[in-house]
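A.B. asks: Here's a structure for you.
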């Protein structure tokens, strides 16, 4: 369903002030409209509180245009790698006890031109594809037009529990929940959070934090890495995980037993025994601890 909803309103107070002025003429202690103006002169900007919305006289009208785009791939094969690409907005991937692949964008267009807002909203597209070997989700987002202030386009993708994902968000955060395969996530302008039973992870954030939470029965079997060039990294993994850990940051803290180099800014060595490499690199803090 698509609809136009006014989110701000203009209030004209002239008639109210005129009535107040007429009433004031009957009171010798207050000037009438025919007398001298109060200090400051003219009509005043008046703030009116309507619930949680404060509107000031002089604000321009702002509208919102809402809608939904949905596309499904019912024949998605569980375990198949899904590549998800979203140009603008947050991405949430949810793996549950379900079948098939479902993708949805619930968008809101904000602006002052009804025609421009509708054109932008109606141009938002979503494509899904699934075969026996791979699957994909890709959004199509138009540029802003005159009369359009901004567009919120969060993408939600639902998958079966057994799924591997490769997510790229150019302008927003990435969230991956409950999957049991591998996860790769790239966020150029946002944070990354992934939780599940993963065999490997690869997470890169250019401007936010990275948090990976492995379930208690997770076993990393392939090389894994996380990078936060402008934030912190938190990795929660079982204390029984084996492998070669390298963690660097402004303050590195590792709860696991590591045989090797242990300094405030770098921890490098073996976790219990030989296994895959786990590389963590952050501008800020790095914390490696057990799952909650």
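A.B. asks: For the stretch 35-97, list the strands (runs of 3 or more DSSP E) that sit wholly inside it and hold at least 2 residues that are buried (at least 16 other Cβ atoms within 10 Å of the Cβ) and modelled with pLDDT of 65 or more; which are they?
C.D. replies: Where strands (runs of 3 or more DSSP E) fall fully within the stretch 35-97 and carry at least 2 residues being buried (at least 16 other Cβ atoms within 10 Å of the Cβ) and modelled with pLDDT of 65 or more, they are 63-73, 81-86, 91-96.
A.B. asks: Name every residue in the stretch 104-120 that is over 19 Å from the mean Cα position of the chain (by Cα) and in contact (Cβ under 8 Å) with a residue 60 or more places away in the chain, in order of residue number.
C.D. replies: Matches in the stretch 104-120: 114, 117, 118.
A.B. asks: In contact (Cβ under 8 Å) with a residue 40 or more places away in the chain, more than 16 Å from residue 289 (Cα to Cα) and surrounded by 20 or more Cβ atoms within 10 Å (Cβ to Cβ): which single residue out of 190, 208, 196 fits that description?
C.D. replies: Exactly one of 190, 208, 196 is in contact (Cβ under 8 Å) with a residue 40 or more places away in the chain, more than 16 Å from residue 289 (Cα to Cα) and surrounded by 20 or more Cβ atoms within 10 Å (Cβ to Cβ), namely 190.
A.B. asks: Still on this structure, I have one more. Any idea which of 128, 182, 153, 85 is more than 20 Å from residue 70 (Cα to Cα) and in contact with a strand residue (DSSP E or B) (Cβ under 6 Å, 6 or more places away or on another chain)?
C.D. replies: The conditions single out 182.
A.B. asks: Can you tell me which condition residue 172 does not meet? The list is (1) part of a strand (DSSP E or B); (2) within 13 Å of the chain's Cα centre (by Cα); (3) crowded, with 20+ Cβ neighbours inside 10 Å, and all the others hold.
C.D. replies: Condition not satisfied by residue 172: (1).
A.B. asks: Among the residues of the stretch 98-122, write down those that are loosely packed, with under 15 Cβ neighbours inside 10 Å and assigned to a loop (DSSP other than H, G, I, E, B).
C.D. replies: Residues satisfying the conditions are 98, 99.
A.B. asks: Which numbered condition trips up residue 162, out of (1) at pLDDT 95 or above; (2) surrounded by fewer than 19 Cβ atoms within 10 Å (Cβ to Cβ); (3) assigned to a strand (DSSP E or B)?
C.D. replies: Single failed check for residue 162: (3).
A.B. asks: Identify all residues within the stretch 121-158 that are closer than 22 Å to residue 203 by Cβ and over 19 Å from the mean Cα position of the chain (by Cα); write none if there are none.
C.D. replies: Of everything in the stretch 121-158, those that are closer than 22 Å to residue 203 by Cβ and over 19 Å from the mean Cα position of the chain (by Cα) turn out to be 134, 135, 136.
A.B. asks: Same structure again: Just need a number here: residues in the stretch 179-210 that are under 21 Å from residue 162 (Cα atoms) and under 17 Å from the mean Cα position of the chain (by Cα).
C.D. replies: Qualifying residue count, the stretch 179-210: 8.
The values are calculated or read from the model by the stated rules, or taken from the named source; none is laboratory data. For clarity, every value in this text was computed on a predicted model and none was experimentally measured. We place every Cβ from the backbone using ideal geometry, glycine too, and count neighbours over all the protein chains shown.
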